[in-house]
Structures are given as C-alpha cells and as structure tokens.
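First comes the structure, then the notes that go with it.
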Amino acid sequence: MDSTSPPAATRRDLLTRIGLAAGGAAMYQAMTALGVSAASTYTGPIRLDGDPKGASVLILGAGVAGMVAAMELRKAGYRVQVLEYREKAGGRAWTLRGGDRYTELGGATQEIRFDEGQYFNPGPWRIPYNHQGILDYAHRLNVALEPFIQVNHNAMVHGTRAFGGRPKRYREVMSDYHGGIAELLAKSTRQGKLDGMVTKEDGEILIESLRSFGALDRDLNYTKNVLTSDRRGFEKDPGGGLNARPVPSEPMSLKDVLASRGWAYLASGALYEFQMTMFQPVGGMDMIAQAMARECGDMIQYNRKVVGIQQDERGVTVAFEETGRPGQVQQARADYCLATIPLSILSQLEMNVSGPMAAAIQAVPYAASVKVGLQMKRRFWEQDEHIYAGISYTDLPIRMIQYPAHGYGSRGKGVLLGAYAFGPYAYEFTALPPEERVRRAVEWGAQIHPQYREEFDTGASVGWHRVPWALGCNGMWTDATRAEHYDNLCALDNRILLAGEHASYIPAWQEGAVLSALDAVSRLHRRVVSA
C-alpha cells in the first residue's frame, strides 16, 4: 500500500467505488448481483402465543441478535441463559471511548485516549429510517436518537488525479455533472436525435424538465450565471450593503467532471438504504446494545468462551471456558440452543449438526473492513470549511471521511471517521500495526484537509479480521452459496438454530440481526408448542 502512488483504476476499483459511496453492504450486493436494497420486512413486535411449558434455551452470543432473542423468549415464558465471550454485550455494535482498552489478534493493544464525550463506532454507525426493527427496539428501550447525515452538499469529493489533486465540494461536482448531462440530453432532444424514442409532445416536456433539473438557460446551456450558482455555489456569495452583489462561479466542464470520476460518489444519498432520514443513537451506537443488556439483566453471563456444542434427542450441551481461566472447561445445558456467534467463529467449533448445516456454516467467508477514528484538537471542518456532518469521498485508501453528526458548534475537540476501508485496502490496512493505520489515515487525510497536520490529537483503529470475537466484518454470500446453503443455515437442526446478520438478506446491518432473531425464535416457539 504505497503512501505516495494513487491506486490504478481497475475492476477492483469500480467495486470499491460502489462500496465507498454506499458502504460495505452495497459493495457486497453489487459483487453478488443481488439487485435489491437492504429494506426491512419488520411489521411490529412479534407475539409468541402458547405455553412453552418451562422449556429452556441457551443463547450463544450477546450481540443484537442474541439479546433480541433473549428478551422475546423470556417474555414468552422460556428459561433463558446467554453466554457472551466479551466482558460487555453488543458484539459488533461497539463504541470506543476514552479509557477503553482493546487488544486485537496478534497482541497489539490500544489504550483509547479520546476526551470525555468523544467516541468512535468501529462497527455499525448509522440506521436507515426503513430499518424499523432496530428502531422499534430503540424506541421501546427509550434510547434517544438523533439524525445521521449521509449527504452533505458542502463536503468534499477528492480524486488523486482529478483537478490537480484539489478536493471539490460535493455540490460543485453534483451540479456540474447534472448540468452537463442535462444540456447534452436537452440539445439532443431539440435536434430530433431522440425521435422514435419520445413523441414530439413528450420531447418538449422532457426539455422543460431538463432545463429545471440541470439549471439550463434559455438556449439550453449550462453556463456561468446566477441560476447555476444557486446550485453549485457562488464565487462571492450574496451579501448586504454596498458590496452585496453576488459573483457567479465558473462551472467545470462536463469533460473534466467525467474524467475526475467524482460522479461515482453521487449515488450514495439516492440509494434506498441511505435516503434521509437516517439516525444514530445519542452518545454512540452501543447505546442500543447497552439498553438491551440492561433489559436482559442476569440472563447474560459474560467472559464465557464457547468451545463446543453437542446435541442429543433431549437437549443441547455447550462446553465453555471462563476467559480468565483458560483450559477449565465447564458445561451448560438447555432444551434448545440458539447460536448467534459469527460463522467465522462458529465454523471453528466442534458441533454435531447435520451435514447440510455444517456445510452452510463453512460456506460463508467474512468481509474485510477497517475503520480509523481520529480525534482532532478543534472542529476545523466546521470552523474553517462550514462542513457540518456528512461524508467526504476520496479515491485514497482511506476512502472517506465522516464528520460527527453531534456537538455542532462546539469549541472543543471532535472525532472524525478518518478511514473506512474494505475489500483489498482493508486487508492491506489490517496487516499494519494500529498506530501505523492511524498515521497513514492522518497522512492521506491531509491531502483533503491540510489542517490534519496541526490538529491531529489521538486516534484508534479496528481491523475486523483481527477482532477476536468476529474475525471479519460481516458474512459474504453469493447468489450461488445462498441458493445452496442459505435455507440449511437458517433451518432448525434438531435442537440447534442459528441467527445473526449472516442469516438474513440484510448483511452488515443490525436490522438483519433483529429480523433473523425474530424469525428464529418464532420458528422455535412453533416447534416447542406443537411438541
């Protein structure tokens, strides 16, 4: 990963561009040609009617899926026990704050030194409005939410080979791209080049709509004037008094915009899962998990490392160790077991499930992802550049910079998401020590914001393939593996059932974990009451 040479535009880069604009889930969908958005089928709280007659369920993992299952099963009358590997609940719904300590595989330990009130979400960081399942649990558990800003027209679009490496405002790239395309299409329509594709009457309507869409003048030109500057911004903004007259800005040519490839980032806010309004919990993404953990209470036993799962006709026995006492194997037993452990971990455990389920567990690799959180001494993006939340995009390996959607106008410090790499760059980032990931994120970020050099304070990084309890970001299905293995993965295998984002069609999202858990406990309950 050369720190001076920009990446070449390759097929890999095309997929990565999709991902950096929309996130890892969208890249995954493009790679697997699913062709659908990550929408939710949640319709409201489930009802588990019927008497379970004291049946017991052992849940493995106190992530979102495990805790949702635990809450619903206990409410229905089951005896529930949850074994959690970590000292806290939440799984990948994780927030790092000052005072936290994190050791990754390989032994590198980070002491998080963010100031009080500052935080960094290494995993989930936003919730779409249409993910009604996780939002409903947040509402029911009284977790305060605030808007997450996906698109900020004043944020930056940056290409190492575009415009001399100088970043442009998102609004400039968007306006000039739309304007240039609208001009081409409007003039082609007027010249009759679309005859046979649209009627004369529809052609006139099309021209009228393109004039409005692209801010074209009477001659269908996208050019320097007040109309276009109302979209892309002025060279000198309107003011008051004697020197109030605005000065229009000069649009970039369509040729330059196309060559910059900055248009690749414009789809972000148009995708169904990223349309506004999006949300984040006040104080960090793990606030939902914390509320769930309080609700679960003593159902959860922490610092329990599962080492084996065995079932028979009467129930399931789980072997585990206390993380502080390795080698001292204990056992827990229940009538049924719901395993929400990531498949990257579950695939390494001894368990006597059927051949089809075992093959399904082994069939799903996990995506690579790296995030870097950077605390800055002041919120220069607001004070110097008037960027309030949102995301700037770049073709550098850091891929994006996300500005905090809270604490607006604060004169204190702030934490940026200084890198969100996935795919090939994530593997390369993960191979570096945590402090080197941070250093490179600062180095590359300074090409977009020169203030980085003076304002950087402290940082933290998480490479998901080095996270001991996950070994990857999310399950990566293909159409072929889904066709062969998905139903077998989700099926009730005698007395063992699986749940988690990997057991859903909404990969990498908490909503997938919620819906998977609700479906699993509903099917388990039908089995229990029918028996």
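Read-outs: derived from the displayed coordinates by stated rules, not from any lab. What you are looking at is a predicted structure, and each value in this text was computed from that prediction instead of being measured. So basically every Cβ, Gly included, is an ideal-geometry build from the backbone, and we count neighbours across all protein chains shown.
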Where in the chain are the helices, taken as whole DSSP H runs, whose Cα atoms extend 18 angstrom or more along the long axis and whose Kyte-Doolittle mean reaches at least -1.0? 170-190, 200-214, 510-530
Within straight-line cross-link reach of K88, lysines at Cα separation under 21 Å, skipping those fewer than 8 residues along the same chain: K305, K371
Which order, highest average first, do 319-332, 216-229, 272-285 follow once you tally other Cβ atoms within 10 Å for each residue and take the mean per peptide? 272-285, 216-229, 319-332
Say each of R527 and R314 gets a label point 7 Å from the Cα, pointing the same way as Cα to Cβ; how far apart are those two points in nm? 1.9
What area, in nm² and to one decimal, does the C-alpha convex hull of the stretch 169-259 cast on average over all directions? 6.7
Which one, (i) 82, 58, 43; (ii) 107, 57, 39; (iii) 165, 64, 42, gives Cα extents along the principal axes in Å as derived from the coordinates shown? (i)
Which of the lysines could be linked to K236 by a straight reach, that is with a Cα gap under 24 Å, when you skip same-chain ones fewer than 8 residues away? K168, K224
Full extension from N243 to E208: what is 0.36 nm times the residue separation minus their Cα-Cα distance, to one decimal in nm? 9.1 nm
Subtracting the Cα-Cα distance of Q331 and R101 from 0.36 nm times their residue separation yields 79.9 nm
Report, as a whole number in µm² per second, the diffusion coefficient that Stokes-Einstein gives for the stretch 365-435 at 4 °C and 1.567 mPa s using the Kirkwood radius over alpha carbon pairs. 99
Would you pull out the residues with amide H under 5 Å of G459's amide H, same chain only if 5 or more places away, H placed 1.01 Å from N? Q375
Provide Rg and Dmax in Å for the stretch 216-331, with only Cα atoms included in the calculation. 30.2, 88
Rounded to the nearest 500 deg cm²/dmol, what is the calculated helix-only ellipticity per residue at 222 nm for the chain, with -39500 (n - 2.57) per DSSP H run of length n ≥ 4? -9000 deg cm²/dmol
Report the full-extension gain for the segment L349 to Y427: residue separation times 0.36 nm, less the Cα-Cα distance, to one decimal in nm. 25.6 nm
Spread of Cα-to-Cα distances over 5 Å intervals beginning at zero, given as percent, for the stretch 277-415: 2, 7, 11, 13, 12, 12, 10, 10, 9, 7, 4, 2, 0, 0
Working from the alpha-carbon coordinates of the stretch 128-196, get Rg over Rh, Rh being the Kirkwood radius. 1.28
Mind checking which lysines have their Cα closer than 24 Å to the Cα of K377? Skip sequence neighbours fewer than 8 apart in that chain. K413
For the chain, what proportion of DSSP beta bridges, expressed in % and rounded to the nearest 5, is antiparallel? 70
